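Quick notes on the structure that follows.
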Amino acid sequence: MTGTLPRESATFDRGVIAEIQRAAETGIYDIRGWGAKRRLPHFDDLLFLGASMSRYPLEGYRERCDTDVVLGDRHAKHPLHLDIPITIAGMSFGALSGQAKEALGRGAGAMGTSTTTGDGGMTPEERGQSKMLVYQYLPSRYGMNPDDLRQADAIEIVLGQGAKPGGGGMLLGQKITERVAGMRTLPQGIDQRSACRHPDWTGPDDLAIKILELREITQWEKPIYIKVGASRTYYDVKLAVKAGADVVVVDGMQGGTAATQEVFIEHVGIPTLAAIPQAAQALQELGVHRQVQLVVSGGIRTGADVAKAMALGADAVAIGTAALIALGDNSPRYAAEYAALGSAAGSYDDFQEGRDPAGITTQDPELAARLDPVEGGRRLANYLRVLTMEAQTLARACGKSHLRNLEPEDLVALTVEASAMARVPLAGTSWIPGAVG
Ligand SMILES: Cc1cc2nc3c(=O)[nH]c(=O)nc-3n(C[C@H](O)[C@H](O)[C@H](O)COP(=O)(O)O)c2cc1C
């Protein structure tokens, strides 16, 4: 004892003790939404080297800094032309309300970017309101419908997610309403666990055949993405390219999920920062960097994150959690209801419970009706606009007339860990731990 307060153990801190007590009480593991919450090396550990004498900055109001990107022009007849390199990640109808899906489509469409379906199929509301909609082809096949696939603008074959590489998601019974059950061909009100791997292929050779099949039923029109959770990223990206992907999506361990075991979220995968250079290296070695586009997700919050991901080699990013917060989750008028759920506006992570006061991660008709899709879309568009302007500000400061011209040379790291993972020098040195030559 020192003084009057018991000394807290770093190993058995209050959170650990509470979790042991909870587990002992209930006998069930903890399930939650959101991504990894532990502190990990992240974009905040990198800084841009603004231009001065050796580089020439661009004037903020007078000189252009373009933001457009084309995704999927390797094989597809109709690649996606996005005005901004920030897309909306796949989030399922089921995890999200119909209103939330519609709001995502509206916000993305207003900013000339794409949104994505999820583990649960395509709703008419989101197809109707999304200018460019990517259709997820998932291990579970929930909601899989060839007619919807043909209505999509691109197809994303999901092999894994950053929050749970090697695992499947969960949707608890309270969210499986008649409509959700109907779309997934599942019984109503019973907990559902998504598959962790596709039922009809076992490796990259079979995947190449599956991609050809998808190209044929869509007349080679639609780009085909492959999404992987970040783990053995260098090899996974190489195999995805060999299998024929037009776009590779790499989702780091900070990436959000609708519901998974906490132990999975916090202990499997690698940080987004560590995954991007591995993915870029794989694409460069195959001679297809910028031809097979790299989309990165997992913990993107600000325009600085967008610019840093692009400087490390991404062509675009995808956002999930931040888009939900932007839709209206942080509305103070529901503060008392969040408090009653043991949470707070903007930090609500019990997506699986289906009791979201802001109507976003719920299937309860009364709660869902609280989210106005038009207002939600407006808020999301505003947020995307701010991200874009922030990224442009940083790019101009580095003398770049297009976001895509950002490069690793523009960055330094604040910590040894971030330097080794991002493969950029520690600030004030030319040292990259682990770099050869
Ligand atoms: C509520 C919610 C539902 C999700 N549903 C899916 C899904 O159906 N399919 C999928 O591939 N990823 C799903 N994800 C993961 C996102 O596509 C994306 O990889 C992740 O959210 C990116 O990280 P971020 O949340 O930090 O932006 C979901 C994420 C959230 C937050």
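Structure values in brief
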{"quantity": "Dimensionless Rg ratio for the stretch 275-416, taking C-alpha atoms and the 2.2 N^0.38 Å reference", "calculated": "1.28"}
{"quantity": "Residues with amide H under 5 Å from that of residue 136, placed H, sequence gap 5 or more", "calculated": "117, 118, 156"}
{"quantity": "For the chain, calculated [θ]222 nm from helices alone, where every DSSP H run of n ≥ 4 adds -39500 (n - 2.57)", "calculated": "-9500 deg cm²/dmol"}
{"quantity": "Shape call, the chain: gyration tensor on alpha carbons, a/c limit 1.5", "calculated": "rounded"}
{"quantity": "Karplus-derived 3J(HN,Hα), 6.51/-1.76/1.60, for each residue of the stretch 423-430, Hz, glycine and proline x", "calculated": "6, 10, x, 4, 3, x, 10, 10"}
{"quantity": "Square roots of 5 times each gyration tensor eigenvalue, C-alpha, the stretch 70-136, largest first, Å", "calculated": "20, 13, 9"}
{"quantity": "Mean Cβ neighbour count within 10 Å, used as a protection proxy, ranking 195-205, 338-348 highest first", "calculated": "338-348, 195-205"}
{"quantity": "Shape category assigned to the stretch 177-285 from the gyration tensor of Cα positions, a/c cut at 1.5", "calculated": "oblate"}
{"quantity": "Estimated FRET transfer efficiency when R0 is 30 angstrom, pair residue 21-residue 347 (beta carbons, to 0.05)", "calculated": "0.85"}
{"quantity": "Gyration tensor verdict on the stretch 344-428 (Cα atoms; rounded if a/c is under 1.5, prolate if a/b is larger than b/c, oblate otherwise)", "calculated": "oblate"}
{"quantity": "Highest average packing first - 412-425, 143-156, 238-251, 22-35, Cβ atoms within 10 Å", "calculated": "238-251, 412-425, 143-156, 22-35"}
{"quantity": "Mean Cβ count within 10 Å, highest first, over the residues of peptides 294-304, 39-49, 5-15", "calculated": "294-304, 39-49, 5-15"}
{"quantity": "Over 25 Å [Cα-Cα, the stretch 219-334], rounded percent", "calculated": "26"}
{"quantity": "Phi-based couplings in Hz for the stretch 175-184 (Karplus 6.51, -1.76, 1.60; Gly and Pro marked x)", "calculated": "9, 8, 7, 4, 5, 4, 4, x, 5, 9"}
{"quantity": "Under 5 Å, built H, 5+ apart or other chain: amide partners of residue 176", "calculated": "189"}
{"quantity": "Kirkwood hydrodynamic radius over Cα pairs of the stretch 1-51, then Stokes diffusion coefficient at 10 °C and 1.306 mPa s, in µm²/s", "calculated": "105"}
{"quantity": "Scattering curve values for the stretch 1-160, log₁₀ I(q)/I(0), Debye with Cα scatterers, q = 0.20 Å⁻¹", "calculated": "-1.25"}
{"quantity": "Highest-MSF residue in the chain out of 51, 108, 18 [GNM, Cα springs under 10 Å]", "calculated": "18"}
{"quantity": "Residue-by-residue Karplus 3J(HN,Hα) for the stretch 9-14, coefficients 6.51, -1.76, 1.60, Hz, glycine and proline x", "calculated": "7, 5, 7, 9, 7, 4"}
{"quantity": "Approximate spin-label separation residue 262-residue 430, in nm, with each point projected 7 Å along Cα-to-Cβ", "calculated": "4.8"}
{"quantity": "Lysines whose Cα lies under 23 Å from that of residue 222, excluding same-chain neighbours fewer than 8 positions away", "calculated": "77, 101, 131, 210, 238, 242"}
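Computed from the coordinates by the stated procedures, all read-outs in this text should not be read as laboratory data. From a predicted model like this one, the values you see are computed outputs, not experimental measurements. Don't worry about glycine lacking a Cβ; one is built from the backbone with ideal geometry, like all the others, and counts go over all protein chains shown.
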